[in-house]
Amino acid sequence: MNNAAIYACSHRRGGNTDQAADLLARGVREAGGEADIIYIRNHEIIPCLACGFCDKSVDRRGRERCILGKKDEAWKLFGPFFTAPTVLFASPIYFYHLPSMFKTLIDRSQQFWTAKRTGEKWVADLPRRTAHAVLVAGRPKGEKLFDGAQVTLKYFVHNFNLTLADPLVFRGMDEHNDLAEQTDFETQIVELGRQAWKTAS
């Protein structure tokens, strides 16, 4: 079986969501699996040009469907969505939403939405799987603090026949090591990684 894919989405190195990604990986390993942590900040992602090339290129496949396909690392980042038994995200909340680099990657997935909509089997016939997320916000309050991120993630992963489970959310985690000081929070994240692997394998 392929490894679980964990996307660490923060722009900040070594912060709370990097720690959450490590904890998710620990949970996967404790359940008998292996996990690859992918740090989005380490990759070049060119913003979508909204050029419509992927809509017009229904005869193309894979990276050739996007006019930017060979110019950056977006295709490499999308790879695990086709092969991983489960996909997990550890992301901070910036201005009530996902960080800009991660959102840029999501925008580039228009090519897969088009392929799925037109019934192309290389996307439409992907196995049904579950995605999971840990969302960490610095703000301690906000009724809809996680809503935007959750809706975007839901429809992003749907492109790859993934269903987003209810995310694990934490508020008031603003300083570098706030999460590490909350043992019960760490336990919850490890358990999420463990269960994600158990239900995928």
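Where a number appears in this text, it was derived from the coordinates with a stated rule and is not lab data. These numbers come from a predicted model, not from an experiment. Cβ placement follows ideal geometry from the backbone for every residue including glycine, while neighbour counts extend to all protein chains displayed.
Below is a table of values for the structure above.
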item: Structure-based [θ]222 nm, the chain - -39500 (n - 2.57) summed over DSSP H runs of at least 4, per residue, nearest 500; result: -11000 deg cm²/dmol
item: Coarse-grained scattering of the chain at q = 0.15 Å⁻¹, given as base-10 log I(q)/I(0) from a Debye sum over alpha-carbon atoms; result: -0.90
item: Packing-based ranking, highest mean first, of 45-54, 107-116, 151-160 given that Cβ atoms within 10 Å are counted; result: 107-116, 151-160, 45-54
item: Charged-residue dipole, Cβ positions (Lys, Arg, Asp, Glu), segment 1-112 about Cα centre, Debye nearest 20; result: 280
item: Ascending count of other beta-carbon atoms within 10 Å, so fewest first, for 81, 95; result: 95, 81
item: The chain: angle of helix 16-30 to the longest principal axis, Cα-based, in degrees nearest 10; result: 90
item: Electrostatic dipole magnitude of segment 4-200 [Cβ: Lys, Arg +1; Asp, Glu -1; Cα centre; debye, to 20]; result: 840
item: Contour minus Cα-Cα distance for residue 42 and residue 82 (0.36 nm per residue); result: 12.3 nm
item: Helix axis angle, 147-158 relative to the chain longest principal axis, alpha carbon, degrees; result: 50
item: Per-pair calculated FRET efficiency, R0 = 35 Å: residue 184 and residue 67 via Cβ, rounded to 0.05; result: 0.15
item: Distance between modelled label sites at residue 175 and residue 34, nm, 7 Å Cα→Cβ extension; result: 3.8
